[in-house]
Amino acid sequence: MNSQQTKRIAVFASGRGSNFEALHRACAQGLIHAPGREGTVPARIVMLVCDRPGAPVAEKARSLGVPVLEADPHDYPSKEEYERALLERLLPECPELVCLAGYMRIVGSVLLGAFPRRILNIHPSLLPAFPGAHAMRDALDYGVKVFGPTVHIVDATLDGGPIVAQQAFEYTLGDPDGLEALMHEAEHRLYPKAVNIMLARIAAAEEKMLAQAESERRRREELECEALLTMKMRGGRRRERPAKRKNGITNDI
Ligand code: GRF
């Protein structure tokens with residue numbers, strides 16, 4: 001843990017990758033960063049994980065020089081095995097934050113355990129309204145007039161973890177394509193902001209931990225000092241005690 005090192009982000013995606021691109025662009029423009037002791041610390045995407053080999057997002061990542069890990073969950077006997085295989089490649093990259101960007105899969109206990117409260121997801125509705133895979137269609141069918149994306153922390157529930165950021169906009173035309181275009185624009189603005197909020201939270205938590213460790217270290221030093229002083233004082237008193245003769249008569253007159 002070094003608060004001055006570049007913040008490392010892993011992105012998981014399954015499809016087109018416009019949110020991946022938006023995050024990558026924001027990093028390149030210096031718009032994603034964390035507070036550090038000596039000023040702002042930049043961030044970069046250290047790996048793209050793609051569960052659909054051949055998806056456009058993988059090609060985009062490669063063309064931007066981002067290492068790609070393509071792994072098809074169907075090649076593994078269980079979700080746990082699949083996620084363990086991802087971790088084997090991912091952990092050496094030391095990501096501090098994982099951003100799901102159109103990753104069409106429920107995250108399992110192995111990944112959740114490896115990155116507790118460090119996995120973000122972007123969802124195209126104002127949660128808790130319209131969770132699930134067809135959020136925009138469901139909202140349009142319902143007759144909703146205010147839409148917007150949500151970035152939330154991923155937990156074991158479906159689109160149910162704590163909300164980090166939302167962005168609402170009005171849309172009354174009822175056209176799915178028009179809505180999708182506006183939704184993506186809003187997502188691309190929102191996700192970098194939400195990542196900044198999380199990086200700031202992580203930095204604050206790390207600072208708190210460092211401060212606690214420092215104050216514990218000082219307290220230990222104080223206790224050691226006190227113990228040493230007490231020992232010296234006791235030793236001193238022993239030396240100061242007047243020597244007695246064997247017959248019990250003191251020499252000290
Ligand atoms: C986005 O609408 C996001 O909210 C949802 O999946 C979509 C991914 O789009 N989770 P893209 O692949 O980033 O273009």
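What the table below lists for this structure:
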{"quantity": "Gaussian network model of the chain, Cα within-10 Å springs - most flexible of G102, G30, G143", "calculated": "G143"}
{"quantity": "Percentage relative contact order, segment 100-219, counting C-alpha pairs under 8 Å, at least six apart", "calculated": "22 percent"}
{"quantity": "Three principal axis lengths of the chain [C-alpha, angstrom, descending]", "calculated": "110, 41, 34"}
{"quantity": "Length released on extending from D141 to D72, taking residue separation times 0.36 nm less the Cα-Cα span", "calculated": "21.5 nm"}
{"quantity": "Efficiency of FRET between T6 and H134 - r from beta-carbon atoms, R0 45 angstrom, step 0.05", "calculated": "0.75"}
{"quantity": "Highest-MSF residue in the chain out of F169, F20, F147 [GNM, Cα springs under 10 Å]", "calculated": "F169"}
{"quantity": "Surrounding net charge for R44, when Lys and Arg each add one and Asp and Glu each subtract one, Cβ distance under 10 Å", "calculated": "+2"}
{"quantity": "Most mobile listed residue (L179, L120, L23) in the chain, GNM with C-alpha springs under 10 Å", "calculated": "L179"}
{"quantity": "At least 18 Å along the helix axis (C-alpha) and Kyte average at least 0.0, DSSP helices within the chain", "calculated": "none"}
{"quantity": "Mean shadow area of segment 87-195, taken as a quarter of the surface of its Cα convex hull (nm²)", "calculated": "6.7 nm²"}
{"quantity": "Potential extension, R44-E93 segment - 0.36 nm per residue separation minus Cα distance", "calculated": "16.5 nm"}
{"quantity": "Sorted by Cβ neighbour density within 10 Å, fewest at the top, the residues H188, H134, H33, H152", "calculated": "H134, H188, H33, H152"}
{"quantity": "Full-extension gain in nm, R105 to E216, via 0.36 nm per residue minus C-alpha separation", "calculated": "35.7 nm"}
{"quantity": "For P53, net neighbour charge (Lys/Arg +1, Asp/Glu -1) across residues whose Cβ lies under 9 Å away", "calculated": "-2"}
{"quantity": "For segment 1-141, the spread of Cα positions along each principal axis, largest first, Å", "calculated": "49, 38, 31"}
{"quantity": "Size of segment 157-243 as Cα extents on the principal axes (Å, biggest first)", "calculated": "103, 24, 15"}
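Computed from the coordinates by the stated procedures, all read-outs in this text should not be read as laboratory data. Quick caveat: nothing in here was measured; it's all calculated off a predicted structure. Neighbour counts are summed over all protein chains in view; Cβ atoms, including those assigned to glycine, are modelled from backbone coordinates with ideal geometry.
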